[in-house]
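Take this structure first; my questions come after.
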Amino acid sequence: MSRTCASLPSPSPAWDATSLAGALKAAAVRRSAPHVGPLHAVLVKLGLSASAILATSLGHLALRCGLPRYARDLFDEMPRPDVVSWTSLLTGHAHQGLHRESLALLRRMVGSGVEPNGYSLSGGLLACAGFGQDALALGKEIHARVLKMSLHGPVDPVVENGVLDMYSRCGSIEYACRVFRVMQVRNIVAWHSMMAALLGSGQPEEALRLFVSMVSCGIGVDGFSFSIVVDACGELALLKQGMQVHARVVGGGFEADVIVRNSLLNMYAKCGCVDSAELVFKVASSRDAVLWTTMISAYGKFGLVQDAVSLFDRMAELGIKQDGIAYLAVLSACSHGGLVREGWHYFSLMSDGQSSVKMHPEHYGCMADLLCRRGYLEDALEFIENMPFVSSIAAWSALLNSSRIHGNAKLSQLAASRLLKLDPENHSNWVALSSVHASENDWHETWTIRESMSRECVKKEPGCSWVELYDGVHIFLMADQSHPELFGILKTLDSLEDISVMSFQGT
């Protein structure tokens with residue numbers, strides 16, 4: 001018997017309801033699966049099977065030990081399950097990632113005439129959040145129940161946070177913002193959820209503004225707050241602000257936080273400061289797999305391919321787990337550096353079963369990109385067509401880009417056509433196919449595609465870039481003439497062009 005099991009009381013004639021309840025609680029804390037059956041036997045022997053409290057505790061233990069079917073069977077044997085029993089079962093399923101089963105239990109609960117309480121609805125909201133956008137309609141129904149509940153008194157902040165999190169993870173940021181604005185109690189969890197939602201929806205500027213508002217409201221900042229802010233600075237490549245936040249992290253004593261360290265490393269990498277990223281990595285002296293993977297990715301993006309490969313190999317030597325993302329990082333580095341032999345080596349470790357990592361389309365996409373970058377277009381095409389998955393968008397995009405670079409019109413048309421079939425909602429695929437035909441002077445097909453684009457209301461997104469100066473960030477869009485200093489910018493560009501021409505003539 002393990003040490004965990006030995007710490008729990010053994011069945012004896014002295015068992016009663018109180019001691020059984022204590023044993024169930026202790027086993028649940030330790031997630032002790034070996035005690036589920038024996039404690040169930042004690043429950044039956046004592047004739048307490050009809051006790052809703054003890055049966056619910058046993059079901060909770062079974063769920064904590066990853067035995068959802070056992071918990072459901074226990075529940076179905078209960079003569080009159082109350083709201084606590086229903087809530088424990090459905091929230092337990094939601095926490096175990098069994099979202100479909102959790103929502104089915106919530107429907108059964110309502111259908112049986114038992115009125116859900118706030119904790120029941122919180123479990124349902126968690127299940128909807130796990131489902132994502134497909135469960136948005138049901139999430140709105142649960143939100144309606146929460147609003148109805150609020151008519152009879154204040155709603156628990158846990159439930160309000162659940163509503164906010166549900167809308168955020170279901171991709172409905174507008175509803176999430178509305179909920180946040182009218183929340184009765186905005187604790188730090190609510191602020192974090194809203195900032196993370198904005199960041200995840202591609203609105204890092206708004207996430208930073210919300211952080212400033214949070215600090216202004218006197219809400220204390222913790223490691224997770226700093227992690228979100230650092231990530232937002234990385235998305236915007238705001239090095240100056242990122243360094244200021246780093247100083248606050250050190251001052252607040254959060255530099256040892258694993259999540260914060262990962263965010264700092266990633267931020268410096270995205271801002272182009274690989275030396276600073278490397279410094280964060282070395283100071284951490286951590287065996288955290290995420291930190292190592294982030295550093296490998298940073299090396300690869302900046303062309304330090306040998307450093308990336310060496311660090312990946314070092315992970316294996318130290319026994320640090322290399323998951324699918326780590327393999328993706330080293331394959332991407334090999335692709336950027338054109339290391340075909342090394343790329344095949346790491347790919348083979350996964351495909352030949354030498355590694356426990358499961359293959360995903362992204363790994364095949366990286367390998368296809370490596371072949372394309374080296375100009376092995378026919379080999380890349382054969383590799384893509386023989387993939388054991390539905391051909392990935394990344395793979396065909398790599399083939400399209402390389403085919404256009406090498407002037408292979410036939411492969412360009414093939415790749416663009418496949419991309420359009422795989423992802424017709426992506427407007428850039430329409431533009432790419434039109435451009436490929438236009439480059440070959442196939443004007444009939446070009447105009448046919450452009451007419452289809454007009455019917456589908458497809459518009460090419462304008463190119464965008466930004467630069468950080470002393471007074472802030474300046475954003476530039478293709479063909480946009482709204483910048484207040486446009487005349488001065490164009491005049492400077494003309495003078496730089498004149499200098500370039502004079503230098504060329506001088507040589």
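Values in this text are rule-based calculations from the coordinates and carry no lab data. All values derive from a computational prediction rather than experimental measurement. Every residue, glycine among them, receives a Cβ derived from its backbone with ideal geometry; neighbour counts consider all protein chains shown.
Convert each backbone phi in the stretch 315-323 into a coupling constant with the Karplus relation 6.51 cos²θ - 1.76 cosθ + 1.60 (shift: θ = phi - 60°), then list the ³J(HN,Hα) values in order as whole Hz, x for Gly and Pro.
Each residue's phi maps through the Karplus curve to give 4, 5, 5, 8, x, 7, 4, 9, 8 Hz.
Separate question: Would you mind working out the magnitude of the charge dipole of the chain relative to its Cα centre, with +1 at each Lys and Arg C-beta and -1 at each Asp and Glu C-beta, to the nearest 20 Debye?
Dipole size: approximately 1780 debye.
Put a dot 7 Å past each Cα toward the Cβ at His95 and Glu385; how far apart are the dots in nm?
5.3 nm
Measuring from the lowest to the highest alpha carbon on each principal axis, how far does the stretch 152-260 reach, largest first, in angstroms?
Each principal axis gives a Cα extent; for the stretch 152-260 these are 47, 26, 24 Å.
In the chain, with Lys and Arg counted as +1 and Asp and Glu as -1 at Cβ, which of these residues, Val467, Gly202, Leu411, has the Cα nearest the positive end of the dipole, that is, farthest along it?
Value computed over the given set: Gly202.
In terms of the Cα gyration tensor, with a ≥ b ≥ c the square roots of its eigenvalues, is the stretch 169-220 rounded because a/c is under 1.5, prolate because a/b exceeds b/c, or oblate?
The shape class here is oblate.
For Cα Rg over 2.2 N^0.38 Å, the listed values are (i) 1.11; (ii) 1.06; (iii) 1.23; which was obtained by calculation from the structure presented?
Correct label is (iii).
Suppose only helical runs count, i.e. DSSP H with n ≥ 4. What mean residue ellipticity at 222 nm does that imply for the chain under -39500 (n - 2.57) per run, divided by all residues and rounded to the nearest 500 deg cm²/dmol?
Values: 28 runs with 354 residues, N = 507.
It comes out at -22000 deg cm²/dmol, rounded to the nearest 500.
If R0 is 22 Å, what FRET efficiency do you get for Arg69 and Ala26 from their C-beta distance, rounded to 0.05? Could you put the intermediate results ahead of the total?
Values: r = 23 Å, r/R0 = 1.05.
Computed FRET efficiency for Arg69 and Ala26 comes out at 0.40.
Right, another one. Can you tell me the orientation of helix 409-422 relative to the chain, as the angle in degrees between its alpha-carbon axis and the longest Cα principal axis, to the nearest 10?
30 degrees
Taking the radius of gyration and the Kirkwood hydrodynamic radius from Cα positions alone, what is the Rg/Rh ratio for the stretch 304-425, to two decimal places?
1.00
How large is the Kirkwood hydrodynamic radius of the stretch 47-124, in angstrom, based on all distinct alpha carbon pairs?
12.1 Å
Continuing with the same structure: Which FRET efficiency value, to the nearest 0.05, is calculated for Glu497 and Ser417 with the Förster distance at 56 angstrom and r the Cβ-Cβ distance? Walk me through the intermediate numbers first.
Working: r = 39 Å, r/R0 = 0.69.
With R0 = 56 Å, the Cβ-Cβ based efficiency is 0.90.
Could you give the dipole magnitude of the stretch 350-425 about its Cα centre, charging the beta-carbon of Lys and Arg +1 and that of Asp and Glu -1, in debye to the nearest 20?
Details: 7 positive and 9 negative charges, 41 e Å.
For the stretch 350-425, the charge dipole is close to 200 debye.
Also, I was wondering about something else. How many nm separate the modelled label positions at Lys140 and Ser286, each set 7 Å beyond the Cα in the direction of the Cβ?
Placing both labels 7 Å along Cα→Cβ, they lie 4.0 nm apart.
Report, in degrees rounded to the nearest 10, the 0 to 90 angle that the Cα long axis of helix 443-455 makes with the longest principal axis of the chain.
With rounding to tens, the tilt is 40 degrees.
Where does the charge balance sit around Val260 when Lys and Arg score +1, Asp and Glu -1, over other residues with C-beta under 13 Å from its C-beta?
On the way: positive: Arg248, Arg261; negative: Asp222, Asp231, Glu255, Asp257, Asp288.
Net of charged neighbours comes to -3.
Still on this structure, I have one more. Pop a pseudo-label 7 angstrom from the Cα along the beta-carbon direction at both Lys148 and Arg314 and give the gap in nm to one decimal.
Using points 7 Å along Cα→Cβ, the separation is 6.0 nm.
Using only the Cα atoms of the stretch 21-160, each taken as one equal point scatterer with no solvent, compute I(q) by the Debye sum, divide by I(0), and report log10 of the ratio at q = 0.09, 0.16 Å⁻¹.
For the stretch 21-160 at q = 0.09, 0.16 Å⁻¹, log10 I(q)/I(0) is -0.28, -0.82.
Relative contact order, percent, of the stretch 18-127 when contacts are C-alpha pairs under 8 Å separated by at least 6 residues?
Details: 139 pairs, mean separation 23.5, N = 110.
That works out to 21 percent.
Would you work out which of Cys233, Ser285, Leu67 lies farthest towards the positive end of the dipole of the chain, given +1 charges on the beta-carbon of Lys and Arg and -1 on that of Asp and Glu, about the Cα centre?
After comparing all options, I get Leu67.
State, as an integer percentage, the relative contact order of the chain based on alpha-carbon contacts under 8 Å between residues 6 or more apart.
On the way: 623 pairs, mean separation 23.7, N = 507.
It comes to 5 percent, rounded to a whole number.
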